[in-house]
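See below for the structure under consideration.
The values are calculated or read from the model by the stated rules, or taken from the named source; none is laboratory data. For clarity, every value in this text was computed on a predicted model and none was experimentally measured. A quick note on method: Cβ atoms are made from the backbone with ideal geometry, for glycine too, and the neighbour counts reach across all protein chains shown.
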Amino acid sequence: MRKQNIVVLILLLISIVGCNNKKEVVLEKEQKGAFPYQMPEEKPNRPLSAAMKRNYDAYFGVRPESNELYTQFRYTKLKGFDYNDGDGTISRRDPSKVIFANGKYYVWYTHRETSVAPIGIPRASESNDTIPSADWDLSDIYFATSKDGFTWEEQGVAVPRAEKPNPGHRSVTTTDILEWKGKYYLYYQAFSEAPGKNGGDYCPVAVSYANSPDGPWIATNKVVIPNGEKGEWDQHSVHDPFPLVHNGKVYLYYKSDFGKSDTTKMVRMHGLAIADNPLGPFKKHPLNPIMNSGHETTLFPFKEGVGAFTIRDGNESNTIQYAKDWVNFEIASTVEMMPNAAGPFIKDAFTNTKNGRGITWGLSHFARPHGDWKRNHVILLRFDCDLSQDIDDQSMKRHHV
Ligand code: AAL
């Protein structure tokens, strides 16, 4: 009897497997033939090539023509900043987000005014205080205002270099703005030695605050986002602080240049630090780094999550990414000609929104517009884009340029 049962069981198994194969065969027979003219909206239940599988997967799940997080970028020269500056001795770079207050737009940025130092000079040492070692060495933070976002008026220094030995006495750069309970906070890279000395831009982040965007700014002379401990990914550089308000807290995203110290092998990734109070203490997220590519940080609340520009460096450069939980980023689209160091105008950057509207313009920077790589000179530009829930015809987004 037992033997018969085993034989029956084996025959049953063969028939099931056979049926399945038959089902596979039946599917192929039913679906045989060219891919249909009207592209199926949903992933069709038929044998697909790797490329067509990707066409329906999360990464490419939404084609650019209907992807709210796809955009092209347009650039406009600004009026009011003297682009020539004589022989280009003034560099303006790494603009903050743009805010609107007192009936006008405000932006803050790194401003370096020194004799023109050719690129590639031996990295200046601490003693060599007159020759900048980079576009952002020996810099101060300036601000400018505008009525329309195209014509700007430079207002002068907002945050000067600190007094020795306070953090930032060598250079204060790459700032960003937070508005919180009626006060304003500028976070910035606080260099205490020449950027590039010993091969890396070693600096933490410090903060100054004011009751008005016009200042006066009071320096806390305190580091609020310290370098990581020795051996941690962000032990050297904490760059590009980018604060937003989410869940009633300050979410401050930043970038670190880490790994090999010489710039050709440097790895650049982004981290997140969160605080209940703009002056800290900030707690670095345990999942850091939370983005594996990119350079300067640019993010924007979008629906319940946050969008991010991933520019220039890394496997996922030239993408726009999205994190529903503000921590775990997925690729939402691949784009081109992304703005460097973009500081967008974000209506709901600080409103603790649960439905971010997105962005359509801001300022960015452009290096060596004269094409002479031996001459440091960086200028500010305006960028326009279509990363907004308020654009009614998403399909038009591919036909701007
Ligand atoms: C920028 C930013 C940081 C770096 C340097 C100035 O693009 O990534 O600020 O230190 O370059």
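Only residues that are among the hydroxyl-bearing types (Ser, Thr, Tyr) and surrounded by fewer than 16 Cβ atoms within 10 Å (Cβ to Cβ) were counted across the stretch 335-389, and they come to 1.
Of all the numbered requirements in (1) at pLDDT 95 or above; (2) more than 16 Å from the ligand (Cβ to nearest atom); (3) touching a Gly at 6+ places or on another chain (Cβ under 8 Å); (4) assigned to a strand (DSSP E or B), residue 288 misses one, and that requirement is (4).
Yes or no, residue by residue, for (1) within 20 Å of the chain's Cα centre (by Cα); (2) more than 16 Å from the ligand (Cβ to nearest atom):
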position	(1), (2)
161	no, no
170	no, no
176	yes, no
179	yes, yes
192	no, no
196	no, no
200	no, no
203	yes, no
208	no, yes
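Which one is farthest from the ligand (Cβ to nearest atom), of the residues in the stretch 216-245 that are in contact (Cβ under 8 Å) with a residue 60 or more places away in the chain and within 26 Å of residue 156 (Cβ to Cβ)? This residue is 219. Among the residues of the stretch 218-272, those that are assigned to a strand (DSSP E or B) and acidic (Asp, Glu) comprise 240, 257.
Reported count of residues in the stretch 175-204, each being surrounded by 24 or more Cβ atoms within 10 Å (Cβ to Cβ), among the charged types (D, E, K, R) and outside any strand (DSSP E or B), is 1. Applying a threshold of 6 Å to beta carbon distances and a minimum spacing of six or more residues, or different chains, the list of pairs starting in the stretch 288-303 at a residue that is aliphatic (A, V, I, L, M) and ending at one that is more than 11 Å from the ligand (Cβ to nearest atom) and assigned to a loop (DSSP other than H, G, I, E, B) reads 290/327; 291/329.
With respect to residue 394, is the statement that it is out of contact with any Gly (no Cβ under 6 Å at 6 or more places or on another chain) and of a type in the set (S, T, N, Q) true? Let's see the steps before the verdict.
Numbers: out of contact with any Gly (no Cβ under 6 Å at 6 or more places or on another chain): yes; of a type in the set (S, T, N, Q): yes.
Answer is yes for this residue.
Can you tell me which residue is modelled with the highest pLDDT among those in the stretch 324-342 that are out of contact with any Asp or Glu (no Cβ under 7 Å at 6 or more places or on another chain) and assigned to a strand (DSSP E or B)? Restricting to residues being out of contact with any Asp or Glu (no Cβ under 7 Å at 6 or more places or on another chain) and assigned to a strand (DSSP E or B), the top hit is 342. The residues in the stretch 295-313 that are more than 18 Å from residue 272 (Cα to Cα) and modelled with pLDDT of 95 or more can be counted, and the count is 1.
When you scan the stretch 255-293, how many residues do you find that are of a type in the set (Gly, Ala, Ser) and within 30 Å of residue 183 (Cα to Cα)? Show your work before the answer.
Applying the first criterion (of a type in the set (Gly, Ala, Ser)) to the stretch 255-293 yields 256, 259, 261, 271, 273, 275, 280, 293.
Applying the additional criterion that residues be within 30 Å of residue 183 (Cα to Cα) yields 256, 271, 273, 275, 280.
Looking only at that region, the number is 5.
Would you call residue 83 within 30 Å of residue 212 (Cβ to Cβ), at pLDDT below 85 and surrounded by 12 or more Cβ atoms within 10 Å (Cβ to Cβ)? It is true that residue 83 is within 30 Å of residue 212 (Cβ to Cβ), at pLDDT below 85 and surrounded by 12 or more Cβ atoms within 10 Å (Cβ to Cβ).
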